[in-house]
Structure formats: structure tokens, C-alpha cells
Amino acid sequence: MAGDNGYVPSNENGFTLWFTGLSGAGKTTISKLIESELTARRHRLEILDGDVVRENLSKGLGFSKEDRDTNIRRIAFVANLLSRNEVPVITAAISPYREIRDEARQMMGERFVEAYVKASVEVCEERDVKGLYAKARSGEIKEFTGVSDPYEPPENPELVLDTEHQSAEESALQILGYLEERELIPAAVAA
């Protein structure tokens with residue numbers, strides 16, 4: 001039965017789809033495609049985008065390792081609260097350090113699905129519409145992941161999305177297939 005807002009409850013499982021990858025790898029683009037598809041299927045979903053979280057939940061934090069860790073811990077805390085209450089969550093933040101991602105995984109257990117959005121620094125730099133890589137290379141931005149600060153790729157992610165060799169749409173289909181296979185979302189109903 002639909003509620004006042006048209007939402008039809010389903011037997012959804014809470015999970016956190018944790019995107020990690022360099023700036024420009026495609027995390028936000030793929031997140032929006034997944035959001036669009038799940039919304040069309042009438043699923044609840046929350047997105048914790050790195051830029052939006054920094055503007056609201058983590059305002060005032062810088063980009064030192066300590067501040068980045070604090071930012072990721074905040075994202076993980078909110079994602080855990082939502083996903084344990086059966087709300088699917090997508091996080092789209094660089095989350096450059098393996099140790100903090102592993103901390104998030106421990107917190108959420110089976111609800112944590114790590115998706116490595118893989119693209120080289122060179123390709124990400126070519127895609128950079130904000131000019132962040134150029135600013136990092138000129139020294140305007142200090143501690144920029146992939147240029148002057150390290151990125152530690154995941155060792156055993158559930159998904160690897162090679163955005164140098166597949167489109168954002170292909171990556172989204174790969175994710176949806178995985179989530180359906182794990183029964184974290186119901187399979188799409190053919191029209």
C-alpha cells in the first residue's frame with residue numbers, strides 16, 4: 001500500500017555501497033545513475049556525496065590526514081545508522097586511506113559493499129572540469145589525493161569499476177547486477 005508520498009514499501013535490505021576512487025574517476029556520475037534507477041524502481045535511497053558532506057556535516061575540516069579520517073568516520077557513522085535501519089546508502093567520497101575504509105567495513109559488516117572506481121591519475125586529470133589537478137600541480141591546493149597525497153586502492157573490493165574502459169552506464173549496470181545477485185535489491189521487473 002502506498003503512503004502519502006507515493007512510496008511503496010518493499011522488503012529492502014539496508015546496505016552501504018561505498019564508492020572509493022580518485023577525484024574525477026566517476027563516483028558521483030555513477031552514483032547518480034544508480035540513484036535514478038533505484039528511484040525509478042521506487043526504492044528508498046540516501047546518497048552521502050563527499051562534496052555535500054564536506055559542505056554540511058564536515059564544514060571546517062581541512063585535508064590533513066587527521067581531518068580526512070574524521071570526515072570519512074562521519075560518513076561511515078551516518079551510513080551505518082541508515083543502513084542498519086534498512087535504508088540503502090551510497091557514499092561517494094574519495095576515502096583515500098585503506099585503514100579508515102576497513103574501519104567502516106568492520107562497523108557495517110555484511111552491509112558494506114566496497115566499489116573501487118578505478119581510473120589512472122592521468123585520465124582523472126583529463127576529465128577534471130573543476131581544474132583541481134592543475135591547482136594541485138601548481139601548488140595552490142596542498143595535500144591533493146593522487147598528486148601530493150597518496151591514494152591507497154582497496155585490496156579486496158566487492159566491485160572494481162574500470163571507468164577507463166567502461167562507460168558510467170556499464171558501471172551502473174555492473175553494480176545493479178551485483179546488488180540483485182546478493183539480493184540487496186529486488187531484480188528489475190520487465191516491462
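Taking the Cα centre of the chain as origin, work out the dipole magnitude from +1 charges on Lys and Arg Cβ and -1 charges on Asp and Glu Cβ, in debye rounded to 20.
480
Taking amide H positions as placed in the peptide plane 1.01 Å from N, state which residues far from Ile47 in sequence (5 or more) or on other chains have amide H under 5 Å from it.
Ile90
Quick one: grab the alpha carbon gyration tensor of the stretch 124-169, order the square roots of its eigenvalues as a ≥ b ≥ c, and give me rounded if a/c is under 1.5, else prolate or oblate depending on whether a/b is larger than b/c.
oblate
Compute the long axis of helix 65-84 from its Cα atoms, compare it with the longest principal axis of the Cα atoms of the chain, and write down the angle in degrees, 0 to 90, nearest 10.
On a 0 to 90 degree scale, this one is about 0.
For helix 168-181, report the angle its Cα long axis makes with the longest principal axis of the Cα atoms of the chain; keep it between 0 and 90° and round to the nearest 10°.
The two axes meet at around 50 degrees.
Can you figure out the FRET efficiency of Arg182 with Lys130, using R₀ = 35 Å and their beta-carbon distance, to the nearest 0.05?
That gives a FRET efficiency of 0.55.
Between Glu158 and Arg98, what is the label-to-label distance in nm when each label sits 7 Å out along the Cα-to-Cβ direction?
Reported label-point gap for Glu158 and Arg98 is 2.0 nm.
I'd like the orientation of helix 27-40 relative to the chain: the angle between its Cα long axis and the longest Cα principal axis, in ° from 0 to 90, rounded to 10.
Once rounded, one gets 10 degrees.
For the chain, what is the convex hull volume of its Cα atoms per residue in Å³?
128
When the dipole is taken about the Cα centre of the stretch 103-182, and only Lys, Arg (+1) and Asp, Glu (-1) are charged at their Cβ, what size is it in debye, to the nearest 20?
With Lys and Arg at +1 and Asp and Glu at -1, about 300 debye.
Please compute the modelled spin-label separation between Arg74 and Arg137, points set 7 Å along Cα→Cβ, answer in nm with one decimal.
Computed distance between label sites Arg137 and Arg74 equals 3.1 nm.
Quick one: length gained pulling His165 to Glu46 fully straight, 0.36 nm per residue minus the C-alpha distance?
Extra length available between His165 and Glu46 comes to 40.1 nm.
No value in this document is a laboratory result; all are computed from the given coordinates. Model, not experiment: these values are computed from the prediction. Virtual Cβ from ideal backbone geometry, glycine too; neighbours counted across all protein chains shown.
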